[in-house]
Amino acid sequence: MASNNNDTALRRKARVRRSIRARAYGKPRLSVHRSSMQIYAQIIDDVKGTTLVAASSLEKDQRSALKSGANVEAARIIGKLLAERAVAAGVKDVVFDRGPYMYHGRVKALADGAREGGLNF
């Protein structure tokens, strides 16, 4: 039986999440979601099941500042913003969760922006 793209993405996401859990050692997880128009990122404490900080290209001040929420520059800015909020909340070390996306383009730009902002992963 042939699987569709959604099943493939869900399997890939589960595989990535499994490997992250194996090497997280209690560190919070930086989770990325990208759509065709926006990019979202949040830092999640899986032990408590809470979101510590979040940032997205949909926030009011970001929408006015960014030309588009779906380009590499927007992803870098969102990554840097998320890192600044995380450092202010006392989070320095995280584990990067790319989800079902390849570490390329916008996902890589968000990670680079987060590193520039002071996160370690």
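Derivation of every value follows stated rules applied to the coordinates shown; laboratory data play no part. Model, not experiment: these values are computed from the prediction. Neighbour counts are summed over all protein chains in view; Cβ atoms, including those assigned to glycine, are modelled from backbone coordinates with ideal geometry.
A few notes on this one:
- Cα-projected label distance for Thr51 with Arg85, points at 7 Å along beta-carbon direction, nm: 0.8
- Rel. contact order, % - alpha carbon contacts under 8 angstrom, at least six apart, the chain: 28
- Each peptide among 70-81, 92-103 gets the average number of other Cβ atoms lying within 10 Å of its residues, and from highest to lowest they stand as 70-81, 92-103.
- Helical mean residue ellipticity (222 nm; -39500 (n - 2.57) per DSSP H run of 4+; nearest 500) of the chain: -14500 deg cm²/dmol
- For the chain, the Cβ-based charge dipole about the Cα centre amounts to some 400 debye (Lys, Arg positive; Asp, Glu negative; other atoms uncharged).
- Relative compactness, region 5-117, computed as alpha-carbon Rg over 2.2 N^0.38 Å: 1.03
- Gained length - Asp93 relative to Leu58, 0.36 nm times residue gap less alpha-carbon distance: 10.1 nm
- Charge dipole of region 17-109 about the Cα centre (unit charges at C-beta), most positive-ward option of Ala41, Ser19, Ala88: Ser19
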